[in-house]
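Only one structure is covered here, and it is reproduced in the block below.
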Amino acid sequence: MKQALLKNLEGYRCAPGISARGLTIIPVTRAEAGCSENYLSLHQAFKSGVITVTEVNQGGSVPNLKVINRGKLPVLILDGEELRGAKQNRILNASVLVPADSELVIPVSCTEAGRWSYHKADFEESGNVIAASMKPGKMDTVSQNLKHSVAFQADQSAVWHDVEHLQRRMGTRSRTSAMADVYEAQRENLDEFEKIFRCEELAGDQCGILVEKDGSFAGLELVSHPAIWLDVRDKIIRSYAIEVINRPQGERRQVEAIGNEIDRLFENIALEGFKSVGLGDDLRIEKPDLVGSALVWEEQLVHLAAYPRLARREEVHYHSPRFRS
C-alpha cells in the first residue's frame, strides 16, 4: 500500500512558483495525468445537473448528508469542500468518490453554527474550501477517530471554534456564524489575490500546489488530472490566501521550483488504509511533523492532501447537538 502510493507520487513534479505577502505557491505538474473522463468534480456534476445533495431526511442530521448521483460517472467531493443550503452549511470530513447512479450518505461537519432551518430544499456548491488554518486539526481528528472505529468523524466543537476564530481575525460579522460569510466579505480581495497565483501556462499539466507560509510548509494538494484541478484550483488557492489577505500588499516575486520536496515530505511515513465511504480506499498518512490523506481508486491517486501536524488539542467528540445558536 505504501509503495503503491509512493509510486503514484513519482509522476508529480514542482514547477517555478509565485510568492506574495509571505505566501508561496509552487505549482505541481504531472507528466502522465490520469484519465479525465473517469470521474467528475463537484463543480462539473452540479453544472451538468447530475447530482443532488440534501439532508438525510426532513429532520436532518448534522454529521450526515445524502448525495444522489444520477450520472454515468462517479463524482469527487473534496475533503473540506463546502456545500451551502438546506438547514445549515456543511464541509466534507474526507474526500469521497460518489459512485455513478447511486445514493450515498456522506460524513460532514457544520460551518454555520447559528442556523437550523431550510433556506432551500437542497445544497449547492459554495465555492469555498475550509481555511488552511482549519485543515490540519480537522484532518488529524478524523484520522485519530478512524483508528478508534468512530468512522469519518471530525470534532464539531473544534470546527465551530475555528470558524469563530476566522471571523474574529477577518473582522467579519455573521448572523449565523457562517464560514461562507467570511469568504463573501473578502470576495474582491480574494479574487484579486487568487489571480496572482494562477499559472495559466501550466493549465494542461498542473494537478496541484505545494504551499509555504512564511518559509514553512503549509500544505500539499493534488488531484489526478488537470481538468479536475482547474475546477478546484481557485477555491483551494483562496483557502490559503484568506490566511494572509489582511497583510500589506508587499511585492510579488517569482520563486524557483522546490527540487524533491514532495519526496522529502513522504519520507518515513506511516500509512493506514480504510474503506472509503464511496469508491476506493482512504489512506491516512502520518509522521511526527505531517498529517495527510489520500483517496485511491483502481490504483489511481484521485486526491491527496497533506499538512503540517499541529499540537493536538484536547479531543472533544461530537455529541449530536443539532445546531448551536
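Here, each number is a calculation from the coordinates, and none is a lab measurement. Just so it is clear, the structure is predicted and the values come from calculations on it, not from any experiment. Please note: Cβ atoms are built from the backbone with ideal geometry, for glycine as well, and neighbour counts cover all protein chains shown.
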Taking GluC sites (Glu not before Pro) that fall in a DSSP loop and have at most 14 other Cβ atoms within 10 Å as cut points, what is the longest piece of the chain between them? 38-250
Cβ-placed point charges (K, R +1; D, E -1), dipole of the chain about Cα centre in debye, nearest 20: 900
Among the listed pairs K7/K287; K47/K287; K7/K275; K2/K72; K66/K195; K135/K287, which are separated by more than 27 Å between their Cα atoms? K47/K287; K2/K72; K66/K195
Trypsin sites (Lys or Arg not before Pro), restricted to the range 1-75: which are DSSP loop and have at most 10 other Cβ atoms within 10 Å? K72
Selection from N246, W229, N268, by position along the positive dipole direction of the range 228-270 (Cβ): N246
Cα pairs beyond 19 Å in the range 127-275, in percent, come to 62
For a quick size check, give me the Cα extents of the range 45-117 along its three principal axes, largest first, whole Å. 37, 24, 20
Pairwise centroid distance, computed over Cα atoms, of the range 1-26 with the range 69-96, Å: 25
Short version: ³J(HN,Hα) in whole Hz for each residue of the range 180-185, in order, from phi by Karplus 6.51 cos²θ - 1.76 cosθ + 1.60 (θ = phi - 60°), x for Gly and Pro, what are they? 4, 5, 5, 4, 5, 5
Measuring from the lowest to the highest alpha carbon on each principal axis, how far does the range 206-288 reach, largest first, in angstroms? 45, 30, 23
Nitroxide proxy distance, nm - points 7 Å out along Cα→Cβ at A257 and R187: 3.7
Would you compute, for the Cα atoms of the chain, the largest minus smallest coordinate along each principal axis and list the three values in descending order, in whole Å? 52, 45, 41
Would you mind telling me which residue in T172, T111, T54 has the biggest mean-square fluctuation in a Gaussian network model of the chain, where springs connect alpha carbons within a distance under 10 angstrom? T172
